[in-house]
Amino acid sequence: MIKENKIKVGDFGICFIPGIERDTFTMEQVGPKYYIAPELLRVRADEITSKADYYSVGKILYYLLSDGIPLEGEYYDLDNFKLSKLHQNSKYDHFNEFFSKAINSHIEDRYNTIDELIEGFEICKTYFLNSDSIS
């Protein structure tokens, strides 16, 4: 998944691409337990937006930053799941703002566009890389 310090993610075969016909049947529920957006379990596939993918990207990023701990629900900010506690390093708290807008059960509170998501991640990454390590 990581090559030359670049993260590579594959298999977005069920993602939403506006204007493209979906391979998923309208009433079919799909997605891995820990990464699926909650609305995919509640609404028809033709009512899903790209915000469901932003949720999954947030969950994947959490998994990568936690060294492989799957995040159930939106509990990134609970003590047992805080990255800063897992790594004994408070600089991981910089990602909480990103998670709050990506891993959010309220669709309207998620990033609105992929550009917003990327910008949000870049801001968190910059703060993380430029912060001193504090335990």
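Things worth noting here:
- Every residue from region 93-119 that is of a type in the set (Phe, Trp, Tyr) and within 17 Å of Leu71 (Cβ to Cβ): Phe95, Phe98, Phe99
- Exactly one residue among Leu61, Leu78 is buried (at least 18 other Cβ atoms within 10 Å of the Cβ) and over 16 Å from Lys33 (Cβ atoms), and that residue is Leu61.
- Long-range neighbours under 8 Å by Cβ, at least six apart or interchain, first residue over 18 Å from Ser100 (Cβ atoms) within region 123-135, second at pLDDT 85 or above and loosely packed, with under 13 Cβ neighbours inside 10 Å: Ser135/Gln88
- Whichever residue in region 95-116 is β-branched (Val, Ile, Thr) and assigned to a helix (DSSP H, G or I) and, among such residues, is farthest from Lys82 (Cα to Cα): Ile114
- Some residue of region 92-103 being under 29 Å from Asp132 (Cα atoms), out of contact with any Phe, Trp or Tyr (no Cβ under 7 Å at 6 or more places or on another chain) and touching a residue at least 60 places away in the same chain (Cβ under 8 Å): no
- When Thr24, Thr49 are checked against the criterion of being at pLDDT below 70, in a loop (DSSP other than H, G, I, E, B), of a type outside the set (Gly, Ala, Ser) and surrounded by 12 or more Cβ atoms within 10 Å (Cβ to Cβ), a single residue qualifies: Thr24.
- If you go through region 93-111 and keep only what is hydrophobic (A, V, I, L, M, F, W, C) and either out of contact with any Asp or Glu (no Cβ under 9 Å at 6 or more places or on another chain) or closer than 11 Å to Glu39 by Cβ (or both), you end up with Phe95, Phe98, Ala102, Ile107.
- Scope region 85-127; condition over 14 Å from the mean Cα position of the chain (by Cα) and crowded, with 17+ Cβ neighbours inside 10 Å; matching residues: Lys91, Tyr92, Asp93, His94
- The set of residues in region 52-90 being under 15 Å from Ile107 (Cα atoms) and in a loop (DSSP other than H, G, I, E, B) consists of Gly73, Glu74.
The values are calculated or read from the model by the stated rules, or taken from the named source; none is laboratory data. What you see is a predicted model; the values in this text were computed from it and never measured. Please note: Cβ atoms are built from the backbone with ideal geometry, for glycine as well, and neighbour counts cover all protein chains shown.
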